[in-house]
Structure formats: structure tokens, C-alpha cells
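The values are calculated or read from the model by the stated rules, or taken from the named source; none is laboratory data. None of these values were measured; they are calculated from a predicted model. Note: ideal-geometry Cβ built from the backbone for every residue, glycine included; neighbour counts use all protein chains shown.
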Amino acid sequence: MKDKLNKVCTICKIEKPMSEFSPNGSRHKQTIYPKSHCKLCEIKRLKAWRKDNPEKFKSAQRRNNLRQLYNITLEEYQTMFVNQNGLCKVCGQKEATRQSLSVDHCHKTNKIRGLLCHKCNRALGLLQDDENLIRKLLSYLIESQLTV
């Protein structure tokens, strides 16, 4: 008699404990029934798919990142990109170091402000979106140009 705490993987054909199988269904609707293949076989399958489909993987990863980090779709990103003519909203330049502009957002409200090049996005981040600090930095630059 087979122990109900074990299951045979349909891919590797090895009997394994139920803990070696992921729940069947989406993250939001997990059922008590496990998948037919073990976690290790699933990892191998996903790695092979990523290798065979690099463009699809990159696109899926981009979609997931936009949704998880900024709660926007790729289509919403592309609309903002077109509305900004593919240029940074601060310096007006095309992104030089990456293929896409960074999504700039307020860290307090999570409201998206626009798309920025990597340099402008980093500068705002390093200055912690602090208006007073940005004004002081601007005053410093103006004063230092007068003394030269």
C-alpha cells in the first residue's frame, strides 16, 4: 500500500514526499492538490524554456516588474514613452546606458511622475526627492559659477 504522503513525479518518475510538489493553481487560487511534477522538474523545465525563449522571457519579466513595482502595464509604460517622445522628462535626452527609460515615482505616494534617464533618476534618488536639498545644490552651483 502506497503512503499518501508520497507521490510519483510524472516527469522524473521518482517517488517523493508531497512537500516536493507545488500546489496546483495560481498563487491566488491554490488548491490542496499538488502539481503532477515535482519542484525540481519544474525548475529544470523553466530554465530550459528561458534558454529557448529569451525574448519572451525578457518581455514577461519586464511586464511583471512594471506590474509589481509600479502597478502599471507595459502598454501604459509605452504610452508614457510615446508621450515623452522617448526622451527623459528632466534632461530631454535619450537613454544612453539602457534600452528603456526608468519609471520615476514618488516614494511617499507611489504616484508615477514620468520616465527618466538612468542618470536623472539616480540623481533624484540620491537627493531623496528633497526639494530643499535640490534648491541648496542649485544655489551652490550658481554661487560657484560667479566666483570662477
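Are any of the residues in segment 132-147 within 28 Å of Glu55 (Cα to Cα) and either exposed (fewer than 13 other Cβ atoms within 10 Å of the Cβ) or of a type in the set (D, E, K, R) (or both)?
In the first step, residues of segment 132-147 are kept if they are within 28 Å of Glu55 (Cα to Cα); the result is none.
No, every residue in segment 132-147 fails to be within 28 Å of Glu55 (Cα to Cα) and either exposed (fewer than 13 other Cβ atoms within 10 Å of the Cβ) or of a type in the set (D, E, K, R) (or both).
The one condition from (1) at pLDDT below 95; (2) among the charged types (D, E, K, R); (3) closer than 23 Å to Leu74 by Cα that Asp52 does not meet is (1).
Out of the residues in segment 63-99 that are surrounded by 15 or more Cβ atoms within 10 Å (Cβ to Cβ) and assigned to a loop (DSSP other than H, G, I, E, B), state the one that is nearest to the chain's Cα centre (by Cα). Checked segment 63-99; the qualifying residue nearest to the chain's Cα centre (by Cα) is Ile72.
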